[in-house]
Amino acid sequence: MLIQTHPQNPDQRKIKQVVELLKQDQIIIYPTDSVYAVGCSLHSSKAIEKLCAFAGMKLDKAKLSIICSDIAQVSEFTKPISNRVFRLLKQCLPGPFTFILQANNNTPKVFRVQKKREIGIRIPANQIPISISQMLGHPMITTSLHSDDGILEYIADAELIYEQFKNKVGAVVDGGVGALEPSTIIDCTTDEPSIVRQGIGHVEL
């Protein structure tokens, strides 16, 4: 299913279609403020297994993030955040950044079975994933979408994405042309935040 909607003013009827699929343990492809991503409900173990299989990840080694609707929601899934990190979150979010934070016990099993109990946090400057998470009532769990030929490439055109992946996901949400550069990843699990991947987002630490 290809669902088209506006990235800053999404049609809530179409968002509801997507949310119903997520509640049925489906995975979806959707736009962010960087590359297109694939995601599912945070509370669906079955869908998380599908997501890891789709992305070619082992569950105990998967590098996944969650889409939060706002910074207040971040604290539900992380250990206490320092004032410095909180100011950094406020400065950068919503935006094309992924923050690696220490996870607490509210996170799904996929984060707790790993040696490092960390979680990636995203609040994209794109209303589609934000609206999906809000209507769903909890975050989506997510990873970047790569091409299906074994090469680490990103695809920006939703119709091309649909042609390639339509038999593997519940829906592709078309929010226009995406970027070809991923989010910037900032590790905040130590006293000194550090950029571990420079992507589309820029900030001075």
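Each value in this text was obtained by applying a stated rule to the coordinates, not by laboratory testing. On a predicted model such as this, the values are computed, not experimentally measured, just so you know. Positions of Cβ are generated from backbone atoms using ideal geometry, with glycine treated the same way; all protein chains shown enter the neighbour counts.
How much FRET efficiency would the formula 1/(1 + (r/R0)^6) give for Glu49 and Ile71, where r is the Cβ-Cβ distance and R0 is 45 Å, rounded to 0.05?
0.95
Based on alpha-carbon positions alone, could you give the equivalent ellipsoid semi-axes of region 1-69 from the gyration tensor, as √(5λ), descending, whole Å?
The three semi-axes for region 1-69 are 22, 14, 10 Å.
Tell me the angle of helix 127-136 to the major Cα principal axis of the chain, expressed in degrees between 0 and 90 and rounded to the nearest ten.
90
Using mean Cβ contacts within 10 Å as the protection proxy, how do 187-193, 16-22 order, highest first?
Peptide ranking by packing, descending: 16-22, 187-193.
Calculate the dipole size of the chain relative to its Cα centre from +1 charges on Lys and Arg beta carbons and -1 charges on Asp and Glu beta carbons; express the result in debye to the nearest 20.
I would put it at about 820 debye.
Using only the Cα atoms of region 1-144, build the gyration tensor, take square roots of its eigenvalues as a ≥ b ≥ c, and label the shape rounded, prolate or oblate: rounded if a/c is under 1.5, else prolate if a/b is larger than b/c, else oblate.
oblate
Taking Cα pairs under 8 Å and at least six residues apart, what relative contact order does the chain come out at, in percent?
33
Straight-line reach from Lys50: which aspartates and glutamates have a Cα under 15 Å away, not including same-chain ones fewer than 8 places off?
Asp25, Asp60
Angle between the Cα long axis of helix 83-92 and the longest principal axis of the chain, 0 to 90 degrees, nearest 10?
30
In deg cm²/dmol, rounded to 500, what helix-only [θ] at 222 nm does the chain give when every DSSP H run of at least 4 residues adds -39500 (n - 2.57) and the total is split over its residues?
About -8000 deg cm²/dmol.
Averaging over all projection directions, find the projected area of the Cα convex hull of region 151-194 and quote it in nm² with one decimal place.
Projected area, direction-averaged: 4.8 nm².
Spelling out what I want: for every residue of region 61-70, take phi, set θ = phi - 60°, compute 6.51 cos²θ - 1.76 cosθ + 1.60 (Karplus), and round to whole Hz; glycine and proline get x.
10, 5, 9, 10, 10, 10, 9, 9, 7, 6
To check my understanding: the extent here is largest minus smallest coordinate of the Cα atoms along each principal axis. What are those three numbers for region 63-132, in Å, largest first?
Each principal axis gives a Cα extent; for region 63-132 these are 31, 28, 17 Å.
Have a look at the DSSP beta bridges in region 2-197 and tell me what percent are antiparallel, nearest 5.
In region 2-197, DSSP labels about 60 percent of beta bridges as antiparallel.
Tell me which of Val35, Thr142, Tyr162 sits at the most positive position along the dipole axis of the chain, charges placed on C-beta atoms (Lys, Arg +1; Asp, Glu -1).
Farthest towards the positive pole: Thr142.
Taking the 0 to 90 degree range and rounding to the nearest ten, how far is the long axis of helix 45-55 tilted relative to the main principal axis of the chain, both from C-alpha atoms?
80
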